[in-house]
Amino acid sequence: MSTLLPTTPAFAFHLLNVMQAHNVLCSMELKGGQADPLLGIAYQPVKVDRILDCAPEDQSLIVSLGEAEFAFNLTGHRFAYLVSKRQIDICVSSENHSAWFSTTTMKKAALDAALDYDSESDDKIIHIEVTSEDFEDAFQFLTNLIREGRVIKSVKVLGDGNQVLTVGYVGKVCS
């Protein structure tokens, strides 16, 4: 039996995006602690979204299976995965619960797409505090990302003129 590998929320988002793009059906079991599953959902189409245009502690990964929708806070959950020769398994867990996602058998093209991941192309979240000593460094980092071909996808202005920017490539899905 293979072991799940720890991963980032961005890679879990990528895997779920692959499932969505290739119309792969996915099941889910939601467990509380060590108990038997509290909820099970049979194979359903996957839809995934991210909420990034907010403070880091409020950012979430939203997974829809059929008519059911689940939100996983990025800072309060751990992510793990396994891409086998036939399917993808993902576990999203916290201290109180875990959600286990498993796909049906997938085509080779979909599995290849799942493994074709470049973490350098992820959206970057940049916090710019205009009154801080680090403003120039943050601004230079933003400028470099734009020169690489990224665009500013969203901006949230916080109190005192501080800003949270999501910067990424045009072709990447972000909400």
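When segment 47-86 is filtered for residues that are modelled with pLDDT under 90, among the charged types (D, E, K, R) and exposed (fewer than 15 other Cβ atoms within 10 Å of the Cβ), the ones remaining, listed by number, are E57, D58.
Listed by first and then second residue, the pairs linking a residue in segment 81-107 that is in contact (Cβ under 8 Å) with a residue 60 or more places away in the chain and in a strand (DSSP E or B) to a residue that is charged (D, E, K, R) and open to solvent by 20 Å² or more (accessible area, probe 1.4 Å), with Cβ atoms under 6 Å apart and 6 or more places separating them unless they lie on different chains, are L82/D89; S98/K31; W100/E29; S102/D89. Total residues in segment 1-24 satisfying the condition of being touching a helix residue (DSSP H, G or I) at 6+ places or on another chain (Cβ under 9 Å), within 20 Å of K85 (Cβ to Cβ) and β-branched (V, I, T): the figure is 3. In segment 152-165, the residues that are closer than 14 Å to F135 by Cβ form Cβ pairs under 7 Å with partners that are open to solvent by less than 50 Å² (accessible area, probe 1.4 Å) and assigned to a helix (DSSP H, G or I), at six or more places apart or across chains, as follows: L165/L142.
The single residue among D116, D112, D89, D122 that is closer than 25 Å to V24 by Cα and at pLDDT 90 or above turns out to be D89.
The values are calculated or read from the model by the stated rules, or taken from the named source; none is laboratory data. Quantities reported herein were computed from a predicted structural model and do not represent experimental measurements. Reconstructed Cβ throughout: ideal geometry from the backbone, glycine too, with neighbour counts over all protein chains shown. Keep in mind that these areas ignore ligands, DNA and RNA; they rest on the heavy atoms of the full protein, side chains included. Shrake-Rupley method; radii C 1.70, N 1.55, O 1.52, S 1.80 Å.
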